[in-house]
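Read through the structure below, which is laid out as structure tokens, and then see the notes.
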């Protein structure tokens, strides 16, 4: 399971890096999205991967921490998802405004001369 | 628990939505509330500065959750200094923006301004590494809005690159934090300091990776070469007052580096040793050199100031990389000085640009309105920023040279030679802007006096003069701050961490 997840994070982040090096702003924003998916999975896996373990303790009964998964990375990943969603939305607005002003979707604001 | 500690975060956080929702169409009301908010922030910061100087570090437990489980805000001398500096600069920038009408050129300037202050204050106060990330995002989101305030083709083009660069930085920040959490199982800074100091040998490699990743993020914020590429275009294209406020944004990178690497990864940590200082010093030297060359080669006035900002960050990080009490005190003195001087110079550049209608340094233009006054202001600020006597830049550089006495072969020549290069760059720009204009017989286009704008610039310069005249008491305060930073015990004790079984 660790290997699968590690490869998935690697592919997501690698694709993201390739895309943000492309000249079109749409490719850049998709690349940034892929990278944030990669980092979210990475944070999630930092609490150790567990199958079938809940992060919320049950009331009353004696607590055996080894039967639960770590809740902190799950809380962190929620925060990170919200923030990356908001910043991506804002970036989209800036992109569209820039497209309107410059008339091109090239990241430099002008087409490369042939 | 002292509830004033959270006031610098709460106040702008409440004020900003109020401005957006309640007074979006009334610029006068926005100005009144914005100014009142920033003034209140300055007063609160002043009070906190006094509290921090008489008390040991104080912790504010959010929701009264005990330390490593809840989020904490920590008020110590360093945080209080940064708060006061930010509030003072912000007030002057706001006065300038109102005086020149910059705030009316787009919507929501004052709301974004308050959100920016909230992010800055939160970042300086927080004692939790993940919370630091959250406040970084708050201040960045506000800065995206401020940067493209007023619109325009070049500004938006630079804005796209600025946002993309910082989103990449945020991704790296999350990687660093996650790695840090996987090794130590905590993100509270005081708890991190305890855990990292007693880390088993096998985890040394991972903690180094986490430390270097975080250092990269702070280097992006602090515009350290080779991660500085976002800065010149952003600062040169941002509205003048916004660029002046951004003078404190690069300092957030320096602050975070100082906080984390003196508390969590001090040079005597067995797992990391002097790794971070050794990485920072060469990068800082190159930053200083690149900044100085940029000052010499800049073709427009805002770019010249942007490169001067990069050079001052280089000088700052040179002192920072020492991580001794002496070098930290020098860092803090230079930090205060360079924030005020860079802010003032961005405002002056905006004054010139507004009157000249052209920011190019390649050709001379006819004289501008209030030329003598603006030239004098430029002259004084350039002297301060280049590090010439009699202003505080000279004292700052002197303190840094004194703190790096044992590095005579690399640090001293770099600082001294680049100072000369920066002086030449500034003199070239000044003579092109102000002296050569007299060759043209045309009379300057008349322009209203804008007393508020000049008041703001004069106040920043007066603060520089005060920093010079009161250098003795200020350095004594900063030395106590540095001593507090070097000995993290008080900071950790304030968090009241539970005893390990």
Q) If residue B:186 passes every condition in (1) in a loop (DSSP other than H, G, I, E, B); (2) crowded, with 23+ Cβ neighbours inside 10 Å but one, which one does it miss? A) (2)
Q. Only one of these conditions is not met by residue A:69: (1) touching a helix residue (DSSP H, G or I) at 6+ places or on another chain (Cβ under 9 Å); (2) more than 10 Å from every other protein chain (Cβ to nearest Cβ); (3) under 17 Å from residue B:178 (Cβ atoms). Which number is it?
A. (1)
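Within the stretch A:1-14, track down each residue that is surrounded by fewer than 16 Cβ atoms within 10 Å (Cβ to Cβ) and free of Cβ contacts under 8 Å to residues at least 40 places away in the same chain.
Residues of the stretch A:1-14 that are surrounded by fewer than 16 Cβ atoms within 10 Å (Cβ to Cβ), as a first pass: A:1-8, A:10-11, A:14.
Across the stretch A:1-14, the qualifying residues are A:3, A:4, A:6, A:7, A:8, A:10, A:11, A:14.
Within the stretch A:82-108, take every residue that is exposed (fewer than 15 other Cβ atoms within 10 Å of the Cβ) and in contact (Cβ under 8 Å) with a residue 24 or more places away in the chain and give me the one that is nearest to the other protein chains (Cβ to nearest Cβ).
Filtering the stretch A:82-108 down to residues exposed (fewer than 15 other Cβ atoms within 10 Å of the Cβ) leaves A:82, A:85-86, A:89, A:92-93, A:96, A:100, A:103, A:108.
If we keep only those that are in contact (Cβ under 8 Å) with a residue 24 or more places away in the chain too, we end up with A:92, A:108.
Values: A:92: 10, A:108: 7 Å.
The residue in question is A:108.
Can you say whether residue A:53 is within 28 Å of residue B:206 (Cβ to Cβ), out of contact with any strand residue (DSSP E or B) (no Cβ under 8 Å at 6 or more places or on another chain) and outside any helix (DSSP H, G or I), as far as the supplied structure shows?
Working: within 28 Å of residue B:206 (Cβ to Cβ): yes; out of contact with any strand residue (DSSP E or B) (no Cβ under 8 Å at 6 or more places or on another chain): yes; outside any helix (DSSP H, G or I): yes.
Against the criterion (within 28 Å of residue B:206 (Cβ to Cβ), out of contact with any strand residue (DSSP E or B) (no Cβ under 8 Å at 6 or more places or on another chain) and outside any helix (DSSP H, G or I)), residue A:53 qualifies.
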Q | Lone qualifier among B:44, B:5 - being in a helix (DSSP H, G or I) and closer than 22 Å to residue B:110 by Cβ | A | B:44
Q | Single residue of the stretch B:122-133 satisfying the filter (in a helix (DSSP H, G or I) and more than 10 Å from chain A (Cβ to nearest Cβ)) that is farthest from residue B:235 (Cα to Cα) | A | B:129
Q. Taking the stretch B:134-145, which residues are more than 8 Å from chain A (Cβ to nearest Cβ) and either surrounded by fewer than 22 Cβ atoms within 10 Å (Cβ to Cβ) or within 22 Å of residue B:74 (Cα to Cα) (or both)?
A. B:135, B:136, B:138, B:139
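All of the numbers you see were taken from the coordinates with simple rules; none came from a lab. Remember, it's a predicted structure, so these values are computed and weren't measured experimentally. As a convention, Cβ positions derive from the backbone with ideal geometry for all residues, glycine included, and neighbour counts pool all protein chains shown.
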